[in-house]
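Notes for the one structure printed next.
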Amino acid sequence: NVNAMNLQNETIAFIGAGNMAEALVRGLLTAKTVAPRQIVVTDVRAERLNYFVTTFGVTTAPDNTAAASRAGIIVLAVKPQQMGAVLTGLRATVAKQLIISIAAGVATARIERELGGQPRVVRVMPNTPALVGAGAAAISRGAHATEDDLATTEAILKAVGISVRVEESLMN
């Protein structure tokens, strides 16, 4: 798979270190899709960051901007109510990165609008079985995301289960 190969040279930033970010990180490392050095994580909770470092050997960044500037792929793994502040903070940093959002109910159009420019956004609706590597996720592309972006997202999600492409109108 060309896209899984592409991930070998890619840094993935996880903005938010909650349960779903943990499931994805664990899956990516267990499947050897990426190495721990390719993952950078940020979170407002220091204890979560310490947990990620000690459990997975990944790196952390002092803030979202620092994490995003080091990554080719940014996974937005924050609660929907935090998304506005996170997007505002990332607006100046995001240029060419693929943005993957796993925030429930946040439309790609909103993410695109709040980031400005023409960000490549893929929205993912994962489910709880992803926490044990048996997930099924719906994915849909934003206005500027490419076929390659969808394939890259699928390569990441493969680490925790299966994914299905759907129109965004079917996501909720």
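Some observations on this one:
- Looking only at segment 127-167, and only at residues there that are of a type outside the set (G, A, S), open to solvent by less than 60 Å² (accessible area, probe 1.4 Å) and under 17 Å from G27 (Cα atoms), the one that is modelled with the lowest pLDDT: P129
- Subset tally (residues that are open to solvent by 60 Å² or more (accessible area, probe 1.4 Å) and either at pLDDT 95 or above or in contact with a Pro (Cβ under 9 Å, 6 or more places away or on another chain) (or both)) for segment 49-62: 5
- Inter-residue pairs, beta-carbon under 9 Å, first open to solvent by 20 Å² or more (accessible area, probe 1.4 Å) and in segment 87-112, second at pLDDT below 90, 6+ apart: I102/P126; A104/N172; G105/M171; G105/N172; A107/M171
- When Q118 is tested against (1) out of contact with any Gly (no Cβ under 9 Å at 6 or more places or on another chain); (2) farther than 20 Å from E147 by Cβ; (3) in a loop (DSSP other than H, G, I, E, B), just one condition goes unmet, and that condition is (2).
- Condition check for R37 on (1) touching a residue at least 24 places away in the same chain (Cβ under 8 Å); (2) open to solvent by 20 Å² or more (accessible area, probe 1.4 Å); (3) in a helix (DSSP H, G or I): one failure, at (1).
The values are calculated or read from the model by the stated rules, or taken from the named source; none is laboratory data. In this text the structure is predicted, and so the values were computed from the model without any measurement. When we count neighbours, we look across all protein chains shown, and the Cβ atoms used for this are built from the backbone with ideal geometry, even at glycine. These area figures cover heavy atoms from the full protein model, side chains too; ligands, DNA and RNA do not enter into them. Shrake-Rupley method; radii C 1.70, N 1.55, O 1.52, S 1.80 Å.
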